[in-house]
Amino acid sequence: MNYQIIDTNFDRISSKYYLDDYHITEAQKNGFLLSLKKLKGTHVWCDPRIQGHAFCVVDGIEYSFYVYRSLEGQDYRFPQYYNDDGNADPIVHSQLHKMPEEEQYLQFPSDLSREVKDEITIKWIKKLIKM
(Lines give C-alpha, C1' and ligand atoms only; values in the text may rest on other atoms or scores of the structure.)
Protein backbone atom coordinates (compact mmCIF):
# COMPACT_ATOMS: atom_id res chain seq x y z
CA MET A 1 0.00 0.00 0.00
CA ASN A 2 1.12 3.51 -0.72
CA TYR A 3 -0.80 6.34 0.95
CA GLN A 4 -0.89 9.95 -0.23
CA ILE A 5 -2.95 12.93 0.87
CA ILE A 6 -3.78 15.75 -1.50
CA ASP A 7 -5.19 18.55 0.58
CA THR A 8 -7.06 21.32 -1.23
CA ASN A 9 -6.18 23.65 1.65
CA PHE A 10 -3.02 25.34 0.34
CA ASP A 11 -1.95 26.28 3.86
CA ARG A 12 -1.16 22.62 4.43
CA ILE A 13 1.71 20.86 2.72
CA SER A 14 0.37 17.62 1.27
CA SER A 15 3.77 16.18 0.48
CA LYS A 16 4.49 15.71 4.18
CA TYR A 17 1.68 13.14 4.23
CA TYR A 18 3.19 11.00 1.49
CA LEU A 19 4.17 7.61 2.86
CA ASP A 20 6.48 4.95 1.52
CA ASP A 21 5.25 1.59 0.29
CA TYR A 22 3.96 -0.78 2.93
CA HIS A 23 3.15 -4.46 2.63
CA ILE A 24 -0.06 -5.16 4.53
CA THR A 25 -2.49 -8.00 4.92
CA GLU A 26 -6.07 -7.91 3.64
CA ALA A 27 -7.29 -7.60 7.24
CA GLN A 28 -5.01 -4.59 7.86
CA LYS A 29 -6.23 -3.00 4.61
CA ASN A 30 -9.87 -3.47 5.63
CA GLY A 31 -9.20 -1.99 9.07
CA PHE A 32 -7.43 0.96 7.49
CA LEU A 33 -10.34 1.57 5.10
CA LEU A 34 -12.83 1.40 7.97
CA SER A 35 -10.84 4.01 9.91
CA LEU A 36 -10.49 6.17 6.80
CA LYS A 37 -14.27 6.29 6.28
CA LYS A 38 -14.58 8.08 9.63
CA LEU A 39 -12.51 11.01 8.35
CA LYS A 40 -13.71 14.00 6.31
CA GLY A 41 -12.84 14.25 2.65
CA THR A 42 -12.82 12.16 -0.46
CA HIS A 43 -10.95 8.89 -0.21
CA VAL A 44 -10.01 7.15 -3.45
CA TRP A 45 -8.36 3.79 -3.95
CA CYS A 46 -6.06 4.42 -6.96
CA ASP A 47 -3.90 2.39 -9.27
CA PRO A 48 -0.35 3.45 -8.28
CA ARG A 49 0.88 2.73 -11.82
CA ILE A 50 -1.46 5.33 -13.38
CA GLN A 51 -0.72 8.86 -12.29
CA GLY A 52 0.66 12.01 -13.83
CA HIS A 53 -0.02 15.64 -14.60
CA ALA A 54 -2.41 17.58 -16.82
CA PHE A 55 -2.03 21.14 -17.99
CA CYS A 56 -4.64 23.57 -19.34
CA VAL A 57 -4.26 27.18 -20.44
CA VAL A 58 -7.00 29.73 -19.71
CA ASP A 59 -6.53 33.42 -20.52
CA GLY A 60 -2.83 32.83 -21.16
CA ILE A 61 -2.24 31.25 -17.74
CA GLU A 62 -1.22 27.60 -17.46
CA TYR A 63 -2.92 25.60 -14.69
CA SER A 64 -1.46 22.28 -13.56
CA PHE A 65 -3.21 19.25 -12.09
CA TYR A 66 -2.19 16.02 -10.44
CA VAL A 67 -3.89 13.12 -12.23
CA TYR A 68 -4.83 9.78 -10.67
CA ARG A 69 -7.00 6.86 -11.77
CA SER A 70 -9.19 4.98 -9.32
CA LEU A 71 -9.53 1.22 -9.41
CA GLU A 72 -13.15 1.82 -10.46
CA GLY A 73 -12.04 3.55 -13.69
CA GLN A 74 -12.52 7.19 -12.71
CA ASP A 75 -9.89 9.83 -13.43
CA TYR A 76 -9.27 12.50 -10.81
CA ARG A 77 -7.62 15.86 -11.37
CA PHE A 78 -6.51 17.85 -8.33
CA PRO A 79 -5.13 21.38 -8.72
CA GLN A 80 -1.39 21.41 -8.28
CA TYR A 81 -0.07 23.39 -5.31
CA TYR A 82 2.57 25.44 -7.04
CA ASN A 83 2.17 25.70 -10.79
CA ASP A 84 4.99 26.17 -13.26
CA ASP A 85 3.13 29.35 -14.20
CA GLY A 86 3.20 31.38 -10.98
CA ASN A 87 0.28 33.48 -12.24
CA ALA A 88 -2.07 30.55 -11.57
CA ASP A 89 -1.14 30.23 -7.90
CA PRO A 90 -2.87 33.38 -6.54
CA ILE A 91 -6.04 32.52 -8.44
CA VAL A 92 -6.19 28.92 -7.26
CA HIS A 93 -5.15 29.79 -3.69
CA SER A 94 -7.69 32.56 -3.27
CA GLN A 95 -10.62 30.89 -5.02
CA LEU A 96 -10.50 27.13 -4.42
CA HIS A 97 -11.77 27.26 -0.83
CA LYS A 98 -14.91 29.08 -2.06
CA MET A 99 -16.03 26.01 -3.99
CA PRO A 100 -17.96 23.21 -2.25
CA GLU A 101 -15.60 20.46 -1.08
CA GLU A 102 -16.86 17.97 -3.68
CA GLU A 103 -16.12 20.48 -6.47
CA GLN A 104 -12.55 21.31 -5.43
CA TYR A 105 -11.28 18.61 -7.79
CA LEU A 106 -12.45 16.98 -11.00
CA GLN A 107 -13.69 13.44 -11.48
CA PHE A 108 -14.74 11.79 -14.75
CA PRO A 109 -14.72 8.39 -16.49
CA SER A 110 -11.24 7.46 -17.64
CA ASP A 111 -12.49 6.43 -21.08
CA LEU A 112 -13.27 10.03 -22.08
CA SER A 113 -10.88 11.46 -24.65
CA ARG A 114 -8.10 13.77 -23.51
CA GLU A 115 -9.78 16.60 -25.41
CA VAL A 116 -13.06 16.13 -23.53
CA LYS A 117 -11.22 15.93 -20.19
CA ASP A 118 -9.36 19.13 -21.02
CA GLU A 119 -12.61 20.84 -22.05
CA ILE A 120 -14.20 19.90 -18.71
CA THR A 121 -11.06 21.11 -16.92
CA ILE A 122 -11.10 24.46 -18.73
CA LYS A 123 -14.77 24.98 -17.77
CA TRP A 124 -13.85 24.15 -14.17
CA ILE A 125 -10.98 26.68 -14.22
CA LYS A 126 -13.28 29.39 -15.61
CA LYS A 127 -15.81 28.65 -12.87
CA LEU A 128 -13.02 28.86 -10.29
CA ILE A 129 -11.91 32.24 -11.63
CA LYS A 130 -15.47 33.63 -11.39
CA MET A 131 -15.98 32.51 -7.76
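The values are calculated or read from the model by the stated rules, or taken from the named source; none is laboratory data. Fair warning: this is a prediction, and the values are worked out from it, not measured in the lab. Cβ placement follows ideal geometry from the backbone for every residue including glycine, while neighbour counts extend to all protein chains displayed. Heavy atoms of the whole protein, side chains included, go into the accessibility calculation; ligands, DNA and RNA do not. Shrake-Rupley method; radii C 1.70, N 1.55, O 1.52, S 1.80 Å.
If I go through region 30-67 residue by residue, how many of them are surrounded by fewer than 13 Cβ atoms within 10 Å (Cβ to Cβ), more than 17 Å from the chain's Cα centre (by Cα) and not in a loop (DSSP other than H, G, I, E, B)?
Here the count works out to 6.
Can you give me the number of residues within region 68-102 that are free of Cβ contacts under 8 Å to residues at least 24 places away in the same chain, outside any loop (DSSP other than H, G, I, E, B) and open to solvent by 30 Å² or more (accessible area, probe 1.4 Å)?
Adding up the residues that qualify gives 2.
Take Gln80 and tell me if it is within 26 Å of Tyr22 (Cβ to Cβ) and at pLDDT 90 or above.
No, not satisfied.
I'm told Ile129 meets every condition in (1) in contact with a helix residue (DSSP H, G or I) (Cβ under 9 Å, 6 or more places away or on another chain); (2) outside any helix (DSSP H, G or I); (3) touching a residue at least 40 places away in the same chain (Cβ under 8 Å); (4) open to solvent by 20 Å² or more (accessible area, probe 1.4 Å) except one. Can you identify the failing condition by its number?
Looking at each condition in turn, Ile129 falls short on (2).
Pull out all pairs, ordered by first then second residue, where Cβ-Cβ is under 6 Å, the residues are six or more apart or on different chains, the first lies in region 21-48 and is free of Cβ contacts under 8 Å to residues at least 24 places away in the same chain, and the second is open to solvent by less than 70 Å² (accessible area, probe 1.4 Å) and part of a helix (DSSP H, G or I).
If the second residue must be open to solvent by less than 70 Å² (accessible area, probe 1.4 Å) and part of a helix (DSSP H, G or I), the pairs left are His43/Leu36.
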